[in-house]
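The values are calculated or read from the model by the stated rules, or taken from the named source; none is laboratory data. Here the structure is a predicted model, which is why all the values come from computation and not from measurement. Note that each Cβ is placed from the backbone with ideal geometry, even for glycine, and that neighbours are counted across all protein chains shown.
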Amino acid sequence: MSAQIIDGKALAAATKAEAAAEAAALKAKGIEPCLAVILVGENPASQVYVRGKVKDCGECGIKSLELRMPETTTQEELLAKIAELAADKTVNGILVQLPLPKQIDERAVIDAIPPEKDVDGFSPVNVGRMQTGQPCFLPCTPAGCIRMIESTGTKIDGKNAVVIGRSNIVGKPAALLLLAKNATVTVCHSHTANLKEICANADILVAAVGRAGFVTGDMVKPGAVVIDVGINRGADGKLHGDVNFEEASAVAGYITPVPGGVGPMTRAMLITTLYRMSGSPAVTGENPYSDVPAGSYYEKAVIWAMQKGVANGMGGGKFEPDTRVTRQQAVTMLYRYAVKIAGI
Ligand code: NDP
(Lines give C-alpha, C1' and ligand atoms only; values in the text may rest on other atoms or scores of the structure.)
Protein backbone atom coordinates (compact mmCIF):
# COMPACT_ATOMS: atom_id res chain seq x y z
CA MET A 1 0.00 0.00 0.00
CA SER A 2 1.38 3.42 -0.92
CA ALA A 3 -1.45 5.79 -0.07
CA GLN A 4 -1.51 7.77 3.14
CA ILE A 5 -4.69 7.30 5.15
CA ILE A 6 -6.79 10.37 5.82
CA ASP A 7 -7.81 9.66 9.39
CA GLY A 8 -11.44 10.76 9.68
CA LYS A 9 -11.62 9.89 13.36
CA ALA A 10 -8.63 12.07 14.27
CA LEU A 11 -9.83 14.98 12.13
CA ALA A 12 -13.31 14.69 13.58
CA ALA A 13 -11.91 14.64 17.13
CA ALA A 14 -9.95 17.84 16.44
CA THR A 15 -13.01 19.50 14.89
CA LYS A 16 -15.16 18.50 17.87
CA ALA A 17 -12.56 19.77 20.34
CA GLU A 18 -12.74 23.14 18.56
CA ALA A 19 -16.53 23.01 18.84
CA ALA A 20 -16.40 22.19 22.54
CA ALA A 21 -14.14 25.19 23.20
CA GLU A 22 -16.48 27.40 21.18
CA ALA A 23 -19.54 26.10 22.97
CA ALA A 24 -17.89 26.88 26.32
CA ALA A 25 -17.06 30.42 25.14
CA LEU A 26 -20.64 30.94 24.00
CA LYS A 27 -21.98 29.69 27.32
CA ALA A 28 -19.77 32.18 29.14
CA LYS A 29 -21.60 34.88 27.14
CA GLY A 30 -24.95 33.42 28.17
CA ILE A 31 -25.66 31.67 24.87
CA GLU A 32 -26.42 27.97 25.06
CA PRO A 33 -26.33 26.30 21.63
CA CYS A 34 -29.15 23.79 21.24
CA LEU A 35 -29.90 21.22 18.54
CA ALA A 36 -33.36 19.70 18.14
CA VAL A 37 -33.36 16.32 16.40
CA ILE A 38 -36.67 14.86 15.25
CA LEU A 39 -36.91 11.14 14.63
CA VAL A 40 -40.13 9.84 13.09
CA GLY A 41 -40.70 6.09 13.31
CA GLU A 42 -38.52 3.17 14.26
CA ASN A 43 -35.96 2.88 11.42
CA PRO A 44 -33.03 1.12 13.17
CA ALA A 45 -30.31 2.88 11.13
CA SER A 46 -31.93 6.27 11.82
CA GLN A 47 -32.05 5.48 15.54
CA VAL A 48 -28.30 4.79 15.48
CA TYR A 49 -27.60 8.05 13.59
CA VAL A 50 -29.74 10.11 15.97
CA ARG A 51 -28.10 8.54 19.02
CA GLY A 52 -24.70 9.40 17.53
CA LYS A 53 -25.68 13.04 16.94
CA VAL A 54 -27.07 13.44 20.45
CA LYS A 55 -23.91 11.85 21.90
CA ASP A 56 -21.68 14.22 19.87
CA CYS A 57 -23.60 17.20 21.20
CA GLY A 58 -23.16 15.96 24.77
CA GLU A 59 -19.42 15.49 24.28
CA CYS A 60 -19.11 19.07 23.00
CA GLY A 61 -21.18 20.60 25.80
CA ILE A 62 -24.04 21.36 23.44
CA LYS A 63 -27.63 20.90 24.51
CA SER A 64 -29.76 18.59 22.39
CA LEU A 65 -33.43 17.71 22.32
CA GLU A 66 -34.29 14.29 20.96
CA LEU A 67 -37.90 14.38 19.82
CA ARG A 68 -39.40 11.03 18.87
CA MET A 69 -42.62 10.84 16.90
CA PRO A 70 -44.50 7.64 16.03
CA GLU A 71 -44.36 5.91 12.61
CA THR A 72 -48.00 6.98 12.07
CA THR A 73 -47.21 10.71 12.38
CA THR A 74 -48.97 12.76 9.71
CA GLN A 75 -47.27 15.43 7.62
CA GLU A 76 -49.37 18.11 9.37
CA GLU A 77 -48.23 16.91 12.80
CA LEU A 78 -44.57 16.97 11.76
CA LEU A 79 -44.90 20.41 10.15
CA ALA A 80 -46.55 21.71 13.33
CA LYS A 81 -43.64 20.41 15.42
CA ILE A 82 -41.15 22.10 13.08
CA ALA A 83 -43.10 25.38 13.29
CA GLU A 84 -42.97 25.15 17.09
CA LEU A 85 -39.18 24.63 17.07
CA ALA A 86 -38.74 27.37 14.45
CA ALA A 87 -40.43 29.83 16.81
CA ASP A 88 -38.49 28.62 19.87
CA LYS A 89 -35.64 31.08 20.48
CA THR A 90 -33.78 28.57 22.66
CA VAL A 91 -33.38 26.18 19.70
CA ASN A 92 -30.58 27.06 17.26
CA GLY A 93 -30.64 24.12 14.87
CA ILE A 94 -33.37 21.74 13.67
CA LEU A 95 -32.60 18.37 12.11
CA VAL A 96 -35.23 15.97 10.82
CA GLN A 97 -33.68 12.53 10.40
CA LEU A 98 -34.32 11.09 6.92
CA PRO A 99 -35.81 8.91 5.51
CA LEU A 100 -39.35 9.68 6.66
CA PRO A 101 -42.36 7.33 6.64
CA LYS A 102 -44.04 7.17 3.23
CA GLN A 103 -47.09 9.28 4.17
CA ILE A 104 -44.80 12.32 4.65
CA ASP A 105 -43.42 14.40 1.78
CA GLU A 106 -39.71 14.89 2.53
CA ARG A 107 -39.47 17.98 0.36
CA ALA A 108 -42.30 19.74 2.22
CA VAL A 109 -40.55 18.98 5.51
CA ILE A 110 -37.15 20.27 4.37
CA ASP A 111 -38.81 23.40 2.96
CA ALA A 112 -40.46 24.06 6.34
CA ILE A 113 -37.15 24.32 8.25
CA PRO A 114 -36.12 27.99 8.38
CA PRO A 115 -32.73 28.49 6.65
CA GLU A 116 -31.15 29.98 9.77
CA LYS A 117 -31.91 26.76 11.69
CA ASP A 118 -31.28 24.35 8.82
CA VAL A 119 -28.31 22.49 10.29
CA ASP A 120 -28.24 19.96 7.42
CA GLY A 121 -27.98 22.70 4.78
CA PHE A 122 -30.75 21.09 2.69
CA SER A 123 -33.27 23.96 2.60
CA PRO A 124 -33.78 25.71 -0.75
CA VAL A 125 -32.36 28.99 0.59
CA ASN A 126 -29.12 27.38 1.79
CA VAL A 127 -28.80 25.35 -1.42
CA GLY A 128 -29.37 28.48 -3.52
CA ARG A 129 -26.90 30.51 -1.51
CA MET A 130 -24.27 27.80 -1.85
CA GLN A 131 -24.89 27.67 -5.60
CA THR A 132 -24.43 31.43 -5.89
CA GLY A 133 -21.41 31.55 -3.59
CA GLN A 134 -23.09 33.41 -0.73
CA PRO A 135 -22.55 32.69 2.96
CA CYS A 136 -24.77 29.82 4.04
CA PHE A 137 -24.92 26.62 6.06
CA LEU A 138 -23.36 23.76 4.10
CA PRO A 139 -24.48 20.13 4.04
CA CYS A 140 -22.24 18.24 6.46
CA THR A 141 -20.99 15.35 4.32
CA PRO A 142 -19.63 17.37 1.36
CA ALA A 143 -18.27 20.06 3.70
CA GLY A 144 -16.44 17.29 5.59
CA CYS A 145 -15.06 15.91 2.29
CA ILE A 146 -13.53 19.28 1.48
CA ARG A 147 -11.92 19.48 4.94
CA MET A 148 -10.49 16.01 4.46
CA ILE A 149 -9.02 16.86 1.06
CA GLU A 150 -7.51 20.07 2.41
CA SER A 151 -6.10 18.24 5.44
CA THR A 152 -3.67 16.51 3.07
CA GLY A 153 -2.19 19.85 2.02
CA THR A 154 -3.48 19.29 -1.52
CA LYS A 155 -4.41 22.51 -3.29
CA ILE A 156 -7.82 22.03 -4.88
CA ASP A 157 -7.35 25.03 -7.19
CA GLY A 158 -6.72 23.93 -10.79
CA LYS A 159 -7.07 20.20 -10.09
CA ASN A 160 -9.23 17.75 -12.05
CA ALA A 161 -11.93 16.63 -9.63
CA VAL A 162 -14.39 13.83 -10.37
CA VAL A 163 -17.47 13.18 -8.25
CA ILE A 164 -19.31 9.90 -8.79
CA GLY A 165 -22.93 10.43 -7.76
CA ARG A 166 -25.28 13.38 -8.15
CA SER A 167 -27.60 13.19 -5.16
CA ASN A 168 -28.80 16.42 -3.58
CA ILE A 169 -27.18 15.57 -0.26
CA VAL A 170 -23.72 14.43 -1.39
CA GLY A 171 -22.79 14.37 -5.10
CA LYS A 172 -24.15 17.72 -6.29
CA PRO A 173 -23.05 19.81 -3.30
CA ALA A 174 -19.61 18.13 -3.29
CA ALA A 175 -19.21 19.10 -6.95
CA LEU A 176 -20.30 22.69 -6.25
CA LEU A 177 -17.91 23.07 -3.32
CA LEU A 178 -15.00 21.75 -5.42
CA LEU A 179 -15.97 24.14 -8.22
CA ALA A 180 -16.07 27.02 -5.75
CA LYS A 181 -12.47 26.13 -4.89
CA ASN A 182 -11.52 26.35 -8.58
CA ALA A 183 -11.27 22.66 -9.40
CA THR A 184 -12.30 21.52 -12.88
CA VAL A 185 -15.19 19.28 -11.94
CA THR A 186 -16.81 16.32 -13.71
CA VAL A 187 -19.91 14.74 -12.20
CA CYS A 188 -20.52 11.09 -13.11
CA HIS A 189 -23.75 9.13 -12.65
CA SER A 190 -25.47 6.01 -13.85
CA HIS A 191 -25.74 7.34 -17.44
CA THR A 192 -22.09 8.39 -17.75
CA ALA A 193 -20.15 6.87 -20.65
CA ASN A 194 -16.43 6.11 -20.19
CA LEU A 195 -16.68 6.43 -16.42
CA LYS A 196 -13.48 4.47 -15.81
CA GLU A 197 -11.42 6.73 -18.10
CA ILE A 198 -12.89 9.88 -16.54
CA CYS A 199 -12.08 8.67 -13.04
CA ALA A 200 -8.57 7.61 -13.99
CA ASN A 201 -7.86 11.23 -14.93
CA ALA A 202 -8.95 12.62 -11.55
CA ASP A 203 -6.51 14.29 -9.19
CA ILE A 204 -9.33 14.26 -6.66
CA LEU A 205 -11.90 11.46 -6.76
CA VAL A 206 -15.03 11.56 -4.59
CA ALA A 207 -17.11 8.37 -4.64
CA ALA A 208 -20.75 8.70 -3.50
CA VAL A 209 -22.41 5.85 -5.36
CA GLY A 210 -23.81 3.50 -2.74
CA ARG A 211 -22.19 0.37 -4.26
CA ALA A 212 -19.54 -1.52 -2.35
CA GLY A 213 -16.14 -1.64 -4.06
CA PHE A 214 -17.37 0.26 -7.14
CA VAL A 215 -14.09 2.15 -7.62
CA THR A 216 -11.36 -0.29 -8.56
CA GLY A 217 -7.60 0.28 -8.69
CA ASP A 218 -7.57 0.87 -12.45
CA MET A 219 -9.94 3.84 -11.97
CA VAL A 220 -7.50 5.71 -9.73
CA LYS A 221 -4.83 8.06 -11.02
CA PRO A 222 -1.45 7.48 -9.35
CA GLY A 223 -1.11 9.92 -6.44
CA ALA A 224 -4.78 10.96 -6.45
CA VAL A 225 -6.74 11.97 -3.36
CA VAL A 226 -9.59 9.45 -2.99
CA ILE A 227 -12.56 10.29 -0.77
CA ASP A 228 -14.89 7.37 -0.13
CA VAL A 229 -18.34 8.54 0.99
CA GLY A 230 -20.06 5.18 0.57
CA ILE A 231 -21.47 3.24 3.49
CA ASN A 232 -22.65 -0.19 2.40
CA ARG A 233 -23.52 -3.06 4.73
CA GLY A 234 -21.97 -6.23 3.28
CA ALA A 235 -23.18 -9.82 3.50
CA ASP A 236 -20.44 -10.20 6.12
CA GLY A 237 -22.33 -7.70 8.30
CA LYS A 238 -19.46 -5.20 8.03
CA LEU A 239 -19.44 -1.70 6.55
CA HIS A 240 -17.83 -1.28 3.14
CA GLY A 241 -17.07 1.85 1.15
CA ASP A 242 -17.68 2.55 -2.54
CA VAL A 243 -13.95 2.15 -3.14
CA ASN A 244 -12.05 -1.12 -3.29
CA PHE A 245 -9.66 -0.01 -0.58
CA GLU A 246 -6.99 -2.61 -1.16
CA GLU A 247 -6.65 -1.87 -4.88
CA ALA A 248 -7.12 1.90 -4.70
CA SER A 249 -4.71 2.41 -1.81
CA ALA A 250 -1.94 0.79 -3.86
CA VAL A 251 -2.26 3.59 -6.42
CA ALA A 252 -3.67 6.69 -4.65
CA GLY A 253 -1.64 9.32 -2.79
CA TYR A 254 -4.25 9.74 -0.05
CA ILE A 255 -7.36 7.75 0.76
CA THR A 256 -10.15 7.74 3.35
CA PRO A 257 -11.01 4.43 5.03
CA VAL A 258 -14.51 3.04 5.65
CA PRO A 259 -15.33 2.99 8.48
CA GLY A 260 -13.35 5.78 10.13
CA GLY A 261 -13.32 8.28 7.25
CA VAL A 262 -16.12 10.47 5.94
CA GLY A 263 -18.65 9.14 8.50
CA PRO A 264 -17.09 10.62 11.67
CA MET A 265 -16.19 13.80 9.79
CA THR A 266 -19.82 14.28 8.74
CA ARG A 267 -20.92 14.09 12.38
CA ALA A 268 -18.24 16.57 13.44
CA MET A 269 -19.29 19.03 10.73
CA LEU A 270 -22.83 19.00 12.09
CA ILE A 271 -21.53 20.32 15.40
CA THR A 272 -19.46 22.97 13.63
CA THR A 273 -22.55 24.16 11.77
CA LEU A 274 -24.54 24.24 14.97
CA TYR A 275 -22.21 26.57 16.82
CA ARG A 276 -21.98 28.80 13.74
CA MET A 277 -25.77 29.01 14.01
CA SER A 278 -25.48 29.94 17.63
CA GLY A 279 -23.54 33.08 16.74
CA SER A 280 -19.93 31.96 17.05
CA PRO A 281 -17.61 34.03 14.86
CA ALA A 282 -14.59 31.77 15.36
CA VAL A 283 -15.10 29.64 12.27
CA THR A 284 -15.02 30.78 8.66
CA GLY A 285 -17.81 33.30 8.28
CA GLU A 286 -20.14 34.27 11.06
CA ASN A 287 -23.76 33.23 11.11
CA PRO A 288 -24.85 34.29 7.61
CA TYR A 289 -28.33 34.92 8.93
CA SER A 290 -27.24 37.48 11.51
CA ASP A 291 -29.13 40.70 10.90
CA VAL A 292 -26.48 42.21 8.65
CA PRO A 293 -23.65 40.65 6.64
CA ALA A 294 -20.48 39.89 8.56
CA GLY A 295 -17.20 41.65 7.84
CA SER A 296 -15.59 45.04 8.32
CA TYR A 297 -18.54 46.95 6.88
CA TYR A 298 -20.67 45.38 9.57
CA GLU A 299 -18.62 46.92 12.32
CA LYS A 300 -18.59 50.31 10.63
CA ALA A 301 -22.31 50.14 10.01
CA VAL A 302 -23.06 49.23 13.63
CA ILE A 303 -20.93 52.17 14.85
CA TRP A 304 -22.79 54.43 12.42
CA ALA A 305 -26.14 53.08 13.58
CA MET A 306 -25.18 53.70 17.20
CA GLN A 307 -24.28 57.29 16.34
CA LYS A 308 -27.66 57.66 14.61
CA GLY A 309 -29.36 56.25 17.68
CA VAL A 310 -30.88 53.21 16.03
CA ALA A 311 -28.58 50.63 17.59
CA ASN A 312 -27.27 49.80 21.01
CA GLY A 313 -24.54 47.48 19.75
CA MET A 314 -24.14 43.80 19.15
CA GLY A 315 -24.66 40.69 21.21
CA GLY A 316 -24.36 37.01 20.33
CA GLY A 317 -23.80 37.82 16.64
CA LYS A 318 -27.08 39.72 16.58
CA PHE A 319 -27.60 43.39 16.03
CA GLU A 320 -29.40 45.08 18.93
CA PRO A 321 -31.67 47.93 17.87
CA ASP A 322 -32.47 50.87 20.04
CA THR A 323 -35.82 50.54 21.75
CA ARG A 324 -37.17 53.71 20.07
CA VAL A 325 -37.26 52.08 16.59
CA THR A 326 -38.63 48.74 15.45
CA ARG A 327 -36.15 46.00 14.71
CA GLN A 328 -37.21 46.06 11.05
CA GLN A 329 -36.58 49.83 10.74
CA ALA A 330 -33.17 49.53 12.36
CA VAL A 331 -32.11 46.60 10.23
CA THR A 332 -33.24 48.33 7.04
CA MET A 333 -31.28 51.50 7.88
CA LEU A 334 -28.23 49.54 8.88
CA TYR A 335 -28.30 47.44 5.75
CA ARG A 336 -28.72 50.50 3.49
CA TYR A 337 -25.75 52.15 5.13
CA ALA A 338 -23.61 49.01 4.89
CA VAL A 339 -24.41 48.79 1.16
CA LYS A 340 -23.60 52.49 0.70
CA ILE A 341 -20.21 52.33 2.38
CA ALA A 342 -19.42 49.04 0.63
CA GLY A 343 -20.04 50.84 -2.70
CA ILE A 344 -22.27 48.11 -4.07
P1 NDP B 1 -27.99 8.10 -3.88
O2 NDP B 1 -28.48 6.71 -4.06
O3 NDP B 1 -28.96 9.20 -3.65
O4 NDP B 1 -27.09 8.50 -5.15
C5 NDP B 1 -26.21 7.60 -5.73
C6 NDP B 1 -25.63 8.19 -6.97
O7 NDP B 1 -24.76 7.24 -7.54
C8 NDP B 1 -26.67 8.58 -8.02
O9 NDP B 1 -26.40 9.84 -8.54
C10 NDP B 1 -26.51 7.48 -9.08
O11 NDP B 1 -26.71 7.93 -10.41
C12 NDP B 1 -25.05 7.12 -8.92
N13 NDP B 1 -24.83 5.74 -9.39
C14 NDP B 1 -25.47 4.64 -8.99
N15 NDP B 1 -25.02 3.56 -9.68
C16 NDP B 1 -24.08 4.04 -10.53
C17 NDP B 1 -23.27 3.45 -11.52
N18 NDP B 1 -23.33 2.14 -11.78
N19 NDP B 1 -22.43 4.23 -12.20
C20 NDP B 1 -22.35 5.55 -11.96
N21 NDP B 1 -23.11 6.17 -11.04
C22 NDP B 1 -23.96 5.43 -10.33
O23 NDP B 1 -26.95 8.02 -2.69
P24 NDP B 1 -26.35 9.15 -1.72
O25 NDP B 1 -25.69 10.22 -2.49
O26 NDP B 1 -27.36 9.51 -0.70
O27 NDP B 1 -25.25 8.29 -0.95
C28 NDP B 1 -24.17 7.70 -1.62
C29 NDP B 1 -23.42 6.79 -0.66
O30 NDP B 1 -22.89 7.59 0.38
C31 NDP B 1 -24.29 5.74 0.04
O32 NDP B 1 -23.49 4.59 0.26
C33 NDP B 1 -24.62 6.38 1.37
O34 NDP B 1 -24.89 5.42 2.38
C35 NDP B 1 -23.35 7.13 1.65
N36 NDP B 1 -23.51 8.28 2.53
C37 NDP B 1 -22.57 8.43 3.50
C38 NDP B 1 -22.62 9.50 4.34
C39 NDP B 1 -21.55 9.64 5.38
O40 NDP B 1 -21.74 10.35 6.33
N41 NDP B 1 -20.41 8.99 5.20
C42 NDP B 1 -23.67 10.52 4.27
C43 NDP B 1 -24.57 10.31 3.15
C44 NDP B 1 -24.47 9.22 2.33
P45 NDP B 1 -28.17 8.41 -10.95
O46 NDP B 1 -28.35 9.78 -10.39
O47 NDP B 1 -28.00 8.41 -12.41
O48 NDP B 1 -29.15 7.41 -10.43
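Of all residues in the range 150-174, which are within 16 Å of the ligand (Cβ to nearest atom), without any contact (Cβ under 8 Å) to a residue 24 or more places away in the chain and under 18 Å from Thr266 (Cβ atoms)?
Lys172
Residue under question is Thr256, and the condition is that it be near the ligand (Cβ under 10 Å from one of its atoms), within 18 Å of the chain's Cα centre (by Cα), at pLDDT 95 or above and not aliphatic (A, V, I, L, M); does it hold?
no
Each row is one residue, and each column tells you yes or no for (1) more than 19 Å from the chain's Cα centre (by Cα); (2) surrounded by 14 or more Cβ atoms within 10 Å (Cβ to Cβ); (3) more than 28 Å from Tyr254 (Cβ to Cβ); (4) modelled with pLDDT of 95 or more.
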position: Gly8; (1), (2), (3), (4): no, yes, no, yes
position: Val40; (1), (2), (3), (4): yes, yes, yes, yes
position: Ser64; (1), (2), (3), (4): no, yes, yes, yes
position: Thr74; (1), (2), (3), (4): yes, no, yes, yes
position: Leu78; (1), (2), (3), (4): yes, yes, yes, yes
position: Lys81; (1), (2), (3), (4): yes, yes, yes, yes
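Kindly indicate whether Arg166 is modelled with pLDDT under 95 and either among the charged types (D, E, K, R) or crowded, with 23+ Cβ neighbours inside 10 Å (or both).
Criteria not met by Arg166.
If only one of Gly210, Gly230 is under 21 Å from the mean Cα position of the chain (by Cα), under 15 Å from Thr256 (Cα atoms) and near the ligand (Cβ under 10 Å from one of its atoms), which one is it?
Only one candidate passes the filter, namely Gly230.
Could you check the range 177-191 and list, in sequence order, the residues that are touching a residue at least 24 places away in the same chain (Cβ under 8 Å) and within 11 Å of the ligand (Cβ to nearest atom)?
Val187, Cys188, His189
Go through the range 225-263 residue by residue and tally those that are of a type in the set (D, E, K, R) and farther than 12 Å from Phe214 by Cα.
4
Do any strands (runs of 3 or more DSSP E) lying entirely in the range 155-246 carry at least 2 residues that are hydroxyl-bearing (Ser, Thr, Tyr) and closer than 26 Å to Gly128 by Cβ, and which ones are they?
184-188
Go through (1) within 18 Å of the chain's Cα centre (by Cα); (2) farther than 18 Å from Val262 by Cβ and name the single condition Asn168 misses.
It is condition (2) that Asn168 fails.
Search the range 42-53 for residues being surrounded by 16 or more Cβ atoms within 10 Å (Cβ to Cβ) and within 19 Å of Asp118 (Cα to Cα), and hand back the single one that is nearest to the chain's Cα centre (by Cα).
The residue in question is Lys53.
Working only within the range 196-207, note down all residues that are more than 12 Å from the ligand (Cβ to nearest atom), more than 13 Å from Thr184 (Cα to Cα) and surrounded by 17 or more Cβ atoms within 10 Å (Cβ to Cβ).
Listed by number, the list holds a single entry, Ala200.
Listed residues Arg107, Arg129; which is surrounded by fewer than 20 Cβ atoms within 10 Å (Cβ to Cβ), within 16 Å of the ligand (Cβ to nearest atom) and not hydrophobic (A, V, I, L, M, F, W, C)?
Arg107
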